[in-house]
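The values are calculated or read from the model by the stated rules, or taken from the named source; none is laboratory data. Computed from a predicted structure; not experimentally measured. Virtual Cβ from ideal backbone geometry, glycine too; neighbours counted across all protein chains shown. Note: accessible area is taken over every heavy atom of the protein model, side chains too, but ligands, DNA and RNA are not part of it. Shrake-Rupley method; radii C 1.70, N 1.55, O 1.52, S 1.80 Å.
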Amino acid sequence: MHLLLLSNSTNHGGGYLEHALAEVLAFLDGVTELTFVPFAGADHDAYTASVRDAFAPHGIAVRGLHETDDPVAAVASAQALFVGGGNTFRLLAALQRLGLVPVIRARVQGGLPYLGASAGTNITAPSIRTTNDMPIVQPESFEALGLVPFQINPHYLDADPASVHNGESRATRITEFLEENDVLVLGLREGAHLSITSTDACALAVIGGESANPLSARPAILFERGQVPRDIAGDVSPLLAHPARYDSPRVAVA
């Protein structure tokens, strides 16, 4: 597998994919046509046009998956796939409705380069249970592509100690998830990305990019049941072998 998973597509003050353009172009080296999945957004034509404009100067044509008569056949013949950000529930519901989940999974596991941003990164996990998005539509299930064995939380935002907000932080929400599920959760801060290269012989996972969050200089944070969250970067390949158990409530100790 070849995955490049971005936390976000645009940093504050920057252009579309500008903060990760070097990594994206290196990842797509040799690709002349990119199949774009716009289903996390509402206006598929406008979304695809913006992506097309971003890649045109680099000699990469963009084909919107919604523009094809047969999306399954389009994925089957794609050179590379880019799944854009937006609402994760809307994205997953569309992929399920079109019968694309098993098709995308099989092609990516077979070597199709997969570029994801935000919602497109969310769905590479076994489920979308750690998305930040509101469930504006109801998918058939929360089960996603399962290309990685852990959960991902793009746009991870650290709690500001100077804030007067008394509501739940992102860390609180993820801790609640871990009370019911024994699964690693990787929080990707703005500006961060995760690249994965996997073959039968070996698997390599690397966190790169630079955090755009002034509260932390590290690009990612890892949550594990019963452990203090820790900032991480660089080679995180051991995460790919960590077991996961869903719907496994943590028993309180009296």
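See the values below:
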quantity	calculated
Within segment 175-215: Cβ-based charge dipole about Cα centre, in debye rounded to nearest 20 (Lys, Arg +1; Asp, Glu -1)	260 debye
Amide H contacts under 5 Å for Gly191, placed H, 5+ residues apart	Ser7, Asn8, Ala212
Signed unit charges on C-beta, dipole axis of the chain, positive-most listed residue Ala159, Gly59, Val183	Val183
Where Rh is the Kirkwood radius over Cα pairs, Rg/Rh for the chain	0.95
Kirkwood-based shape ratio for segment 174-219, expressed as Rg/Rh from alpha carbons	1.09
Only Lys, Arg (+1) and Asp, Glu (-1) charged, at Cβ; segment 95-254 dipole about Cα centre in debye	260 debye
Cβ-defined net charge surrounding Asn87, 14 Å radius [Lys, Arg +1; Asp, Glu -1]	-1
Order of exposure, largest accessible area first, which applies to Asp231, Asp53 with probe 1.4 Å	Asp53, Asp231
For the chain, accessible area per residue (1.4 Å probe, heavy atoms of protein chains only), Å²	46 Å²
Solvent-accessible ranking of Asp182, Asp70, Asp235, largest area first, probe 1.4 Å	Asp235, Asp70, Asp182
Carbon + sulfur, % of accessible area of the chain - ligands and nucleic acids excluded, 1.4 Å	53 percent
